[in-house]
Every structure is written in structure tokens, then in C-alpha cells.
């Protein structure tokens, strides 16, 4: 028998699994709050409680939202991104410089997390990833021959940046975090440029959609409009 | 919050497109044991695996084993979707895969025991029926591990 968590109530209602607890938390956070064992235990207890139901399918709603996180986190960004001020001309140079500003912060964050990092899915170092991404842009070529590596490498690079931006142990609002990444970093510019090139290549349109979230394009549009 | 009314139109439509009819036949099994006697396995669709395991492909119906005895902090994620935030998982593996919480429940006697092996799928890019073979295979392995109940977490 099964019980479990659902993040999208409508999906659970349509498929009707035997027991499901809908939680009003953001995608990516099914237990609600990081490093909050008490809150996580409340969510688990509510889902386990469904084993006491005599009839199914049963879909219950968790009653509480996750506690609201600090909104001033954007001000705690440890890095000043200077993409518009740089005089370097190649992507290799520009992305390399940006990576160097992040390295101390990534190291700090990794130490804070007791050595834990989510990077490494591509089996390439961050230096190699940035170098190869820049190479594609500098030579106006596409990674058509290594799409699997490319996808994992872009996720590794994004993860590296987000882990650096969260080097300090304060609560980070994920929306602020992603807004900083997608509107202020050269890596975001690079990924969007590559995604645009891939999306206009026959057979690679779908692949382009798993590089950059649509929400990121909205963030950049809103950021430009407010600039 | 994943309340559809709070999301932009394109995200709402994307998520609603995942509504599917029940697979059927109805699979209701009433609990025959108290919670304190249940042996429980965790199954997630978050695309988790250990660093040396093969990463998930863009659309991939296979699953990865996660030993109950290995350090879950060594898990990484190769989910193909870009539509959710991973920074919380970077902070705390339990936010997605609540293994430490379940170990606490086991030591407190709230649940009976934990399976020797838990599992991760990568939920993206495929229809529910595409997972049928893997799900059947997994069910057999759970039976062999004497698992009474599965706790499912999405991402």
C-alpha cells in the first residue's frame, strides 16, 4: 500500500492514487521547509495518518503554508556581478572572470554544508564546463553531438552558481535567488543565447525548452522593463 | 505556492496538462497492521542517485536504488525539468527525500522499520503507462524486502 505527497492538487485529483496529501508548497520542496525537522515531521505525520482511512482513494489537504521566508535576501547576495562593465570580448574571458568571483563563495558554501554539493552530474569540473560552454558561443557552434553532457553540464553550472549565492546560512527566498541568477549573471545570458540558437534548429526545439525555464524569460523581461 | 490560481497562465496550463485519468483498476489496500509495525520504503520521483550511478536521461523510466545505509548527503539530482527550484534540496536532502525524518520515526518506534533499499525515479517527459515495467519490477523488489508500505514524494 502507498501514501504520499502531492504538490499539484489537480493532478492527484485526476489520477486518484489510493492516499495522497496535497501540500501548498513550491515545486521542489515537497516537505515544505529545509532544515526544519519539526515542520517536516508534521507533513510526514499527516501523510501517514492517511493509513487510518477505511476507504479510498483519499486526498487530504495539508492545512498550513510553509513559513514565509525573508524577502530581503536579495540584498545578501555575496557577489557583485559586473557583466556590463567588463571590457573582455570573448565569452571565454568573460565567463572565466565571473566564475573566478564565485569560487571563494562556492568553497565557503560547500564547507558550510559539510562538503556537500549537488554539482558533478556531468562528471566535468566547473572550469571545464564553463570553458566548453564559452567555446560554443565563441565559435558559434552548437552542442548537437553531446546533448546529454550539455544538459547535465548546464545544470551543474547553474547549481554551482546557486550554491555560491547561498554561501551564507540565511534563509534564501528561491524567487530572489533565481531572479539574481537569471537577470544579473553572464552565465544566464550565455544559456539563453544557446537556448535561442538551439530552439531555431530543426529537431532541437524541445531540447531548448529544458535549458531555460519560461519563468526566467519573464524575470528578464520584467527586469529590463524596470531598468 | 503551487496553487494554480497563483501561477502564470503558461505554468498553469503546463501543470494541468499532466492531469491523467486513473490508471485502474482501483488499487485500494486497507492497512492491516498498526503504523508501529509497518516496514516502509521511500520512493521519490526527484531524479536522485549517488554520484557514481548513471544520471537519468531526458526521459527515463528506470529507477535508481538508494541504500538505507549509505549517506543520503551524497545524493545528487539529475532531473531533466527546469521548472522547480533545487536550492532547498542543496540545503537539506530531507526537503525532497525525508530519510533522516523516517530514521527518527524508526528509532522512536513510530514506524516498524525501514526498507533496506529505497528508490528514485525521474518524473518527467513520459506518460504514466511508460513506467509500468519499472513499477512492476520495483514492486517485486519491495516484496522481497518485506516492505508493507511505500511513502511517495514528488519534486
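Inclusion of residue B:79 among residues that are in a strand (DSSP E or B) and surrounded by 21 or more Cβ atoms within 10 Å (Cβ to Cβ) is not warranted. Every listed requirement among (1) closer than 20 Å to residue B:131 by Cβ; (2) facing another protein chain (nearest Cβ under 10 Å); (3) over 20 Å from the mean Cα position of the chain (by Cα) is met by residue B:25 save one, (2). Can you name every residue in segment A:32-59 that is under 23 Å from residue B:5 (Cβ atoms) and in a loop (DSSP other than H, G, I, E, B)? Across segment A:32-59, the qualifying residues are A:32, A:33. Just for segment A:30-46: of the residues that are in contact with a strand residue (DSSP E or B) (Cβ under 9 Å, 6 or more places away or on another chain) and at the interface with another protein chain (Cβ under 7 Å from one of its Cβ atoms), which one is surrounded by the fewest Cβ atoms within 10 Å (Cβ to Cβ)? Going through the qualifying residues, I end up with A:44. Just one residue in the set A:131, A:206, A:172, A:197 is under 29 Å from residue A:104 (Cα atoms) and assigned to a helix (DSSP H, G or I); that residue is A:131.
Among the residues of segment A:104-133, what is the count of those that are within 9 Å of another protein chain (Cβ to nearest Cβ) and crowded, with 21+ Cβ neighbours inside 10 Å? Residues flagged as within 9 Å of another protein chain (Cβ to nearest Cβ) and crowded, with 21+ Cβ neighbours inside 10 Å within segment A:104-133 amount to 5. Of all the residues in segment B:105-138, those that are touching a strand residue (DSSP E or B) at 6+ places or on another chain (Cβ under 9 Å) and under 24 Å from residue A:7 (Cβ atoms) number 11. The set of residues in segment A:7-29 that are surrounded by fewer than 22 Cβ atoms within 10 Å (Cβ to Cβ), more than 7 Å from chain B (Cβ to nearest Cβ) and in a loop (DSSP other than H, G, I, E, B) contains only A:17. Within segment B:90-109, the set of residues being within 7 Å of chain A (Cβ to nearest Cβ), assigned to a helix (DSSP H, G or I) and closer than 21 Å to residue A:152 by Cβ comprises B:90 only.
Restricting to segment A:134-151, and then to whatever is surrounded by fewer than 21 Cβ atoms within 10 Å (Cβ to Cβ), in contact (Cβ under 8 Å) with a residue 12 or more places away in the chain and in a helix (DSSP H, G or I), can you tell me which residue is farthest from the other protein chains (Cβ to nearest Cβ)? So the residue we want is A:138. Please indicate, with yes or no, whether at least one residue in segment B:94-115 is in contact (Cβ under 8 Å) with a residue 60 or more places away in the chain and closer than 22 Å to residue A:8 by Cβ. Taking every residue of segment B:94-115 in turn, none turns out to be in contact (Cβ under 8 Å) with a residue 60 or more places away in the chain and closer than 22 Å to residue A:8 by Cβ. A single entry from B:17, B:5 fulfils the requirement of being more than 9 Å from chain A (Cβ to nearest Cβ), loosely packed, with under 14 Cβ neighbours inside 10 Å and farther than 27 Å from residue A:208 by Cβ: B:5.
Laboratory data are not the source of any read-out in this text; all were calculated from the coordinates shown. From a predicted model like this one, the values you see are computed outputs, not experimental measurements. Every residue, glycine among them, receives a Cβ derived from its backbone with ideal geometry; neighbour counts consider all protein chains shown.
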